Amino acid sequence: MEKRPDFMKVIMVLCFAAVAVIFVSKQSKPKGEKNNYEIISVKKEQREIKTTIEGIIEISNLTEVKVTKGLKTKEINFHEGDQVKKGDVIATFSSYVTRKGKNGKRYRAERIRRYVSGQDGYIFKMNLNIGEEVPEIAFIIVNPEDIKLYTGNIKSGNKNNLLPGMPVTVKFSDNQKIKSEIIRVEKAGDSGDLRGELAVSDIKGIITNADKNISIDAVSQDKKEILAIPVKTIIKKEKAGGNYENYVYAVDSNNKVTEKQITLGEVNGAVIEIEEGLEDGDRVILNPDNRLENGFIIKTEK
């Protein structure tokens with residue numbers, strides 16, 4: 001008598017075969033599709049070469065102005081950084097004297113004194129306060145020719161970073177900025193180092209920031225070629241120890257997504273330099289989100 005095949009064994013074999021087919025099918029297909037992504041190409045662009053150097057303000061030949069003791073300040077017409085000319089009334093002072101009236105009674109009379117500038121210049125320091133007795137030094141005046149602005153020293157081998165005519169931005173520690181340019185480059189002592197002298201284009205700005213730390217951004221006439229992409233393409237991921245790594249989602253010719261780690265350079269507005277991780281012509285997603293994963297196929301915006 002012929003034996004019939006075990007029915008349950010046949011069913012189990014068929015189920016295992018179906019699962020295997022589904023598994024292989026899933027492994028061979030992309031994970032899924034996502035819609036409405038915009039793709040851009042990474043391109044090379046020209047970027048200014050910027051050198052940041054310490055800045056130094058040198059001010060000499062200050063004129064200290066003293067007035068008669070016992071006076072009180074009544075009016076201040078100029079403040080720190082203001083330009084004054086010979087003949088300008090910088091401040092008014094008052095004092096009181098006792099006088100005898102026609103009726104024989106004594107009374108106190110106010111006597112007004114004015115300080116008239118004997119020179120052209122700028123107010124470097126104003127020590128007066130209205131209503132208060134004048135200090136030993138009322139204020140200090142400086143000639144504009146005695147205000148110098150220099151870069152810190154650089155090695156002679158980097159002389160192309162400091163050239164006459166090069167535009168610079170002078171930055172103070174309170175985030176104020178003034179524009180200037182290098183007017184000459186000279187030797188800094190006997191070390192062989194160089195330093196640049198800058199045009200003093202904003203005297204008031206320099207005087208009012210003379211006590212702050214200064215840095216100078218010098219922009220070379222030469223340019224460097226870099227890879228750059230919009231900042232919003234970058235995805236930051238937190239790693240162990242609280243550190244972050246930067247990624248983009250690159251897209252191949254079939255619109256398949258691959259997550260790539262990148263190294264960032266300088267930021268220039270809404271664009272950031274890419275030092276490592278991408279090449280010229282690579283395609284990346286401009287508007288990434290947290291739905292993206294390796295292997296996704298995306299549909300681009302039309």
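Quick notes
- Residues that are surrounded by fewer than 20 Cβ atoms within 10 Å (Cβ to Cβ) and at pLDDT 85 or above, drawn from the stretch 207-227: Thr208, Ala210, Asp211, Lys212, Asn213, Ser215, Asp217
- Criterion (surrounded by fewer than 19 Cβ atoms within 10 Å (Cβ to Cβ), within 30 Å of Phe78 (Cα to Cα) and within 23 Å of the chain's Cα centre (by Cα)) met by exactly one of Lys148, Lys204, Lys125: Lys204
- Residue count for the stretch 36-55, restricted to those that are buried (at least 16 other Cβ atoms within 10 Å of the Cβ) and more than 30 Å from Arg291 (Cβ to Cβ): 4
- Condition broken by Asn254, with the remaining ones in (1) surrounded by 11 or more Cβ atoms within 10 Å (Cβ to Cβ); (2) in contact (Cβ under 8 Å) with a residue 24 or more places away in the chain satisfied: (1)
- Taken together, Thr98, Thr52, Thr68 contain a single residue that is under 42 Å from the mean Cα position of the chain (by Cα) and at pLDDT below 90, which is Thr52.
- Near pairs, Cβ below 8 angstrom, 6+ apart or cross-chain, from the stretch 263-292 (without any contact (Cβ under 8 Å) to a residue 40 or more places away in the chain) to any residue that is in a loop (DSSP other than H, G, I, E, B) and of a type outside the set (Gly, Ala, Ser): Leu264/Ile234
- The criterion of at least 2 residues that are within 26 Å of the chain's Cα centre (by Cα) and closer than 30 Å to Glu48 by Cβ is met by the following strands (runs of 3 or more DSSP E) wholly inside the stretch 242-302: 244-251, 257-268, 271-276.
The values are calculated or read from the model by the stated rules, or taken from the named source; none is laboratory data. Computed from a prediction, not measured in an experiment: that's the story for all the values here. Cβ coordinates were reconstructed from backbone atoms using ideal geometry, including for glycine residues, and neighbour counts include every protein chain displayed.
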